[in-house]
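Input: a single structure, listed below in structure tokens.
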Amino acid sequence: MSKFRLLMARQCGEKIAADRGFTTFPVDPFVIAAKEDILVEAKDPDRKGMSGCIVFNDDGVGIIYATDIRSEGFRRFTVAHELGHYFLEGHPEEILKAGPVHFSRAGFVQGSSSIEIEADHFASGLLMPTRLTREALYKAPIGLTGVQHLATAAEASLTAAAIRTAECAPYPVAIIVSEREQVSYGFMSEGFKKLGRLRFLRKGDGLPHTGTRDFNAVADNIRLGRSVCSQSTLAEWFGGSAGTILDEEVIGLGSYGYTLTVLSSEALADDPDEDENEEQDLIRSWTPKFR
Ligand SMILES: [Zn+2]
């Protein structure tokens, strides 16, 4: 999977949003689909684990998203993902090789095919263009509050907003999604990576003995979307300095059974090298998950 292609996919999403007149949040993928005469429907896609599908036939193009998606943010992400298969170069051709219908698993699912990953990056760029995302983050306090502010402004899921925060934040922040005692995935902002020689968290890594692990021990915390804040150190999570204290903000993501952790600190300096040309590094920050 070429990093360049992921960057291109995200920039294509950003461009489509801008070209369709979305220069402020929220970007509406339903409106963009309607402008292309694409019919969008909620329907059971009749296959387990599928978020939705796109249909290319002689009468036109249709998008279906799964009826069991309860979160408005994830419905929008799913439709944006399917739009990726419509707008991204080579996708319709690739899909049509196998037939008129393509079933998707949107949302950065581990082990997905390359067109799935590209469509997720397209959706991420479409719903949360870099400029708008940075503006939203600048206006909000750092940490979980910033992520929530972005999610609200962009009408995105908390998880999608958290990933985008780690990519675009002009300050050190790391986000981790976990389930029970294990890491599902984690991302660090560029500023965070400069805090020391840190190890990347990978799927299946055990959680350190900090607030997140304690929180996950009580199933209701996740199911009821509870939120707690404690402190931990850089060393506990990633190696690096035990003297670097982090705020560890934790929130349950509801019935999906996952937990979001946001690690940040007001005391850490802003990233001094913040620079538009860091796009390539941002893309690199996605890759551990895709290996
Ligand atoms: Zn797909």
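Read the figures in this text as sums done on the coordinates, not as results from a lab. This is a predicted model, so every value here is computed, not measured. Please note: Cβ atoms are built from the backbone with ideal geometry, for glycine as well, and neighbour counts cover all protein chains shown.
Convert each backbone phi in segment 79-91 into a coupling constant with the Karplus relation 6.51 cos²θ - 1.76 cosθ + 1.60 (shift: θ = phi - 60°), then list the ³J(HN,Hα) values in order as whole Hz, x for Gly and Pro.
Here the 3J(HN,Hα) series is 5, 5, 4, 5, 4, x, 5, 7, 8, 6, 4, x, 5 Hz.
Which whole-number percent gives the relative contact order of the chain, counting Cα pairs below 8 Å spaced six or more residues apart? Display every interim value, and only then the final one.
Numbers: 561 pairs, mean separation 47.9, N = 291.
Once divided by the residue count of the chain, the mean separation gives 16 percent.
When only alpha-carbon atoms are used, what values of Rg and Dmax, in angstrom, describe segment 58-119?
In Å, with Rg to one decimal and Dmax whole: 11.7, 34.
Please list 31-38, 100-107 highest first by mean number of surrounding beta-carbon atoms within 10 Å per residue.
Descending mean neighbour count gives 100-107, 31-38.
Using the Kirkwood radius over C-alpha pairs as Rh, can you work out the diffusion coefficient of segment 171-282 via Stokes-Einstein at 37 °C, viscosity 0.692 mPa s, in µm² per second?
Details: Rh = 14.4 Å.
The diffusion coefficient I find is 229 µm²/s.
May I ask for the Kirkwood hydrodynamic radius of the chain, worked out over all distinct Cα pairs and given in angstroms to one decimal?
Values: mean 1/r = 0.0516 Å⁻¹.
Taking every pair of different Cα atoms in the chain, averaging 1/r and inverting gives 19.4 Å.
Read phi for every residue in segment 156-165 and hand back ³J(HN,Hα) as whole Hz from Karplus 6.51 cos²θ - 1.76 cosθ + 1.60, θ = phi - 60°, with x for Gly and Pro.
10, 5, 4, 5, 4, 5, 5, 4, 5, 4
Out of P92, Q231, I69, whose Cα points farthest toward the positive end of the dipole of the chain (charges: +1 Lys, Arg; -1 Asp, Glu; placed on Cβ)?
The listed residue farthest towards the positive side: Q231.
Excluding residues on the same chain fewer than 8 positions from K3, give the lysines whose Cα lies under 22 Å from its Cα.
K15, K193, K194, K203, K289
Express the relative contact order of segment 3-127 as a whole percentage, based on alpha carbon pairs under 8 Å and six or more residues apart in sequence. Intermediate results must be reported in sequence, preceding the final value.
On the way: 204 pairs, mean separation 46.0, N = 125.
Relative contact order comes out at 37 percent.
Using the alpha-carbon centroid of each, what span in Å lies between segment 65-85 and segment 1-55?
Taking the Cα centre of segment 1-55 as reference, the centre of segment 65-85 is 9 Å away.
Principal axis extents for segment 11-95, Cα atoms only, whole Å, descending order, please.
Over segment 11-95, Cα extents along the principal axes are 36, 30, 21 Å.
With +1 assigned to the C-beta of every Lys and Arg and -1 to the C-beta of every Asp and Glu, and no other charges, what is the dipole magnitude of the chain about the Cα centre in debye, to the nearest 20? Kindly include the intermediate steps, with their values, before the conclusion.
Numbers: 31 positive and 42 negative charges, 145 e Å.
In total the dipole reaches around 700 debye.
Consider all pairwise Cα distances in segment 96-148 and report the whole-number % of them above 18 Å. Don't jump to the answer; show the numbers that get you there.
Values: 713 of 1378 pairs.
In whole percent, the share of Cα-Cα pairs in segment 96-148 beyond 18 Å is 52.
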